[in-house]
Amino acid sequence: MLLTKREEQLMKAFLQVGKLSLKEMADILQVSSRTVYRTLSDLTESLVREEIQLIKDGKKYYLSGNLSALTEYQAAPAYSPSQRLILIAYQLLTSQEVVTNEQFQNQFLVSNVTVIQDIAEIERRLAVFDLQLSRQRGYRVEGASSHKRRFLAILLANAISVQDFWADSYPDFPVLEAVTVGKTRQVFERHQALLGDLDPKLKEFLMILLALADNQEALPQQLNVSKVALDFAQKVFTDLAKATKYFYSIQEIIYFAAILDEVIIKRQEVPLFSESFDSGFYYSISQLVDSVSRFTKIEFVKDKVLFPLLFHHIRLSLAVPILFPDRSTTNVAYLATQKNPFLHSVVSLVMQDIFPSYLQNEYEYELVTLHFASSLRRSPDIYPIRMLLLTDERPLTTSVLVSKIKSVAPFVGWMDVQSTTNLPQLNLEQYDYCLATKPIPYLELDVISTFPNTKEILELQETLQTIQENRTVLAREEIVMSKQYDLQAYLQASSYLLQQFALDELDNHGNFEETVGQIVAKLSSVNDTDYLARKLISRFEMSPLAIPNTNLALIHTQSSQVTHSQFQIVSLAQPVTALSMNNQPEQVQRILVMLTKLGEQEEMRELMTAISQSIIENNLYTEIYRTGNQEIIYQLLNSIFNEKIKQWEN
């Protein structure tokens, strides 16, 4: 006897309880009364074959007959709503014929209404990938072949875990042939070092995309494919052709290279030394942090970890978006939104304004909200609290206690450990929270054990989080902490860049390209000025770096024609028009010039990277670059270098 999951639940309930009312069955199945009636009808038909009856006695039902026969039964495969959506979408994408509503009902043992709802959800997701669903004697997906293939690759990457993919275990998806996938994986991993470190799910998506290449479909002509992407794609397809004895067209190579460009190569975390990069994506992340900071009045821009975390999360989400989220897997993110409803609302609205439509769903909003909520708990730079610990314990014991507290509350900006003998000299108003290891007469302070158990630590964490959220900002004494740094190489590099820095005036003529040529012609650190000007303009055309609404543009490159690295700003007598990071025209009045010589020392490269990040990631710094004089910008650069040096020391 083969039962559905609901039939199995009802049968077990009858065997355990005996008699069940309609309401009790609805509570057990967590469904409506109408669904209960339908399940009872299906169960009755299944039981008739075992000569067992379902009898109604008043308002309750019970089973009658040889119930021992029910020990041998099989439950039909049970699919979650997310799994069902994935399998239905897979069939629609891979079936050569139209698929009917009845076929889906029989396959997944669901009602007509459920199939209609699933189809509507799939149609919504297809639409944001420029695909349509036709309804002529059944369902069929229509649209460009390249869009279908990419959607299918994303769908398979969603459905198959990384572990199962590497173990070649994906029986529900026969479009992937294990032999072909195995050879594809070997070839891809042979050349992967050229792309750097990749997220495992992103690797899986690219390998699936390779395995689906079949030369059978017309693919769009791609323009402006980078040399790095094209070289990688050629090497991979050449080796794959040898391994599979199958020839791949130039269209397949260029199509794969274009996707490589889009999802990896042009979205590097540190774009300064890249051939080209997606400046719009980089700008969108900085705008996300800046906009959420402005609307919530919380200085998330101070959290140096938040930007790279969001960068990598959204880069993966754009490449392999979750098509049909499983709500049971997002409990942590959901709880974060419940505790921070205003933050969640702001994040949702900002993301709708910045990112493409296929990221617009509650699942993504919750995950990004979780990043911001975690920033509050992680960074001592955002809503930091000062804490006083009064104890007369020995130094080692105190050190262990302090470590435990900091591990659960890293947002504590400063913890002052004092002996109770110093209490008369302390101003308790300078602290957000005071804690003691023993009760203190006349002071109502919280007390913590010298060796606190897990319950105490968790209670303290909750208390500190509440204090942080409700902290009253007062004028307080500055805390000066002296630290020694022994980073001679970085200090020398920063000193050199500061000496070379200049804010120059240029009586420019002509358009943006001609102005760049004028700027380069005046540089003493360049051997071949014509070559370098062409290279700077070419890089700018591939990755425009005029910063929206700032009248600033950044030109930068690394070249053998540069004799020494330098950063300078050129103020233009005549504004010129250049393409901005969001692909809109920008009136440029200042051009920031960053030049790095080949083989430059790592310390110099990292400081140059710090400058580039400050230009794009921090709106306050951007304003200083836009309006400041040479002395003010010099002080800003000095501050940036000192901050980076302290971070490296830490």
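The values are calculated or read from the model by the stated rules, or taken from the named source; none is laboratory data. Computed from a predicted structure; not experimentally measured. Cβ sites come from the backbone with ideal geometry, for glycine too, and all protein chains shown count toward neighbours.
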Selection over region 347-380 where residues are under 30 Å from Thr463 (Cβ atoms) and not in a helix (DSSP H, G or I) yields a count of 2
Considering residues that are farther than 23 Å from Leu318 by Cα and in contact (Cβ under 8 Å) with a residue 60 or more places away in the chain, the number found within region 152-173 is 2
So in region 265-275, with the set limited to residues that are surrounded by fewer than 21 Cβ atoms within 10 Å (Cβ to Cβ) and either assigned to a helix (DSSP H, G or I) or in contact with a Ser or Thr (Cβ under 7 Å, 6 or more places away or on another chain) (or both), which one is modelled with the highest pLDDT? Gln268
Quick one: Leu443 ticks every box in (1) outside any loop (DSSP other than H, G, I, E, B); (2) modelled with pLDDT of 75 or more bar one, so which box is it? (1)
Taking region 130-147 on its own, how many of its residues are in a loop (DSSP other than H, G, I, E, B) and surrounded by fewer than 19 Cβ atoms within 10 Å (Cβ to Cβ)? 6
Can you work out which of the residues in region 478-524 that are under 40 Å from the mean Cα position of the chain (by Cα), polar (S, T, N, Q) and crowded, with 16+ Cβ neighbours inside 10 Å is modelled with the lowest pLDDT? Ser494
Whether any residue in region 328-339 is modelled with pLDDT of 90 or more and not in a loop (DSSP other than H, G, I, E, B) is what I want to check. no
Residue match in region 576-594 (condition: modelled with pLDDT under 90, of a type in the set (Lys, Arg) and either out of contact with any Gly (no Cβ under 9 Å at 6 or more places or on another chain) or not assigned by TED's automatic domain parsing to the domain that holds Lys227 (or both)): no
Log entry, pairs with first residue in region 618-633 being more than 23 Å from Pro308 (Cβ to Cβ) and assigned by TED's automatic domain parsing to the domain that holds Leu498, second being among the small types (Gly, Ala, Ser) and outside any helix (DSSP H, G or I), beta carbons closer than 9 Å, six or more apart or on different chains, reads Gln630/Ala502
Count - residues of region 556-590 that are part of a loop (DSSP other than H, G, I, E, B) and surrounded by fewer than 20 Cβ atoms within 10 Å (Cβ to Cβ): 7
All conditions in (1) in contact with a Ser or Thr (Cβ under 8 Å, 6 or more places away or on another chain); (2) more than 25 Å from Val225 (Cα to Cα); (3) touching a residue at least 40 places away in the same chain (Cβ under 8 Å) are true of Lys646 except (1)
For Asp214, which of the numbered conditions (1) free of Cβ contacts under 8 Å to residues at least 40 places away in the same chain; (2) surrounded by 18 or more Cβ atoms within 10 Å (Cβ to Cβ) fails to hold? (2)
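Results for (1) of a type in the set (D, E, K, R); (2) more than 26 Å from Asn361 (Cα to Cα); (3) touching a strand residue (DSSP E or B) at 6+ places or on another chain (Cβ under 6 Å); (4) modelled with pLDDT of 85 or more, shown as yes or no for each residue.
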position	(1), (2), (3), (4)
Asp57	yes, yes, no, yes
Leu67	no, yes, no, no
Ile86	no, no, no, yes
Val98	no, yes, yes, yes
Asn101	no, yes, no, yes
Gln105	no, yes, no, yes
Arg124	yes, no, no, yes
Phe129	no, no, no, yes
Arg135	yes, no, no, yes
Of all residues in region 532-555 being more than 27 Å from the chain's Cα centre (by Cα) and assigned to a strand (DSSP E or B), which is nearest to Leu607 (Cα to Cα)? Ile555
Of the residues in region 80-98, how many are in a helix (DSSP H, G or I) and either surrounded by fewer than 19 Cβ atoms within 10 Å (Cβ to Cβ) or not small (Gly, Ala, Ser) (or both)? 13
Considering residues of region 508-531 that are assigned to a helix (DSSP H, G or I) and in contact (Cβ under 8 Å) with a residue 40 or more places away in the chain only, the residue farthest from Ala578 (Cα to Cα): Ile519
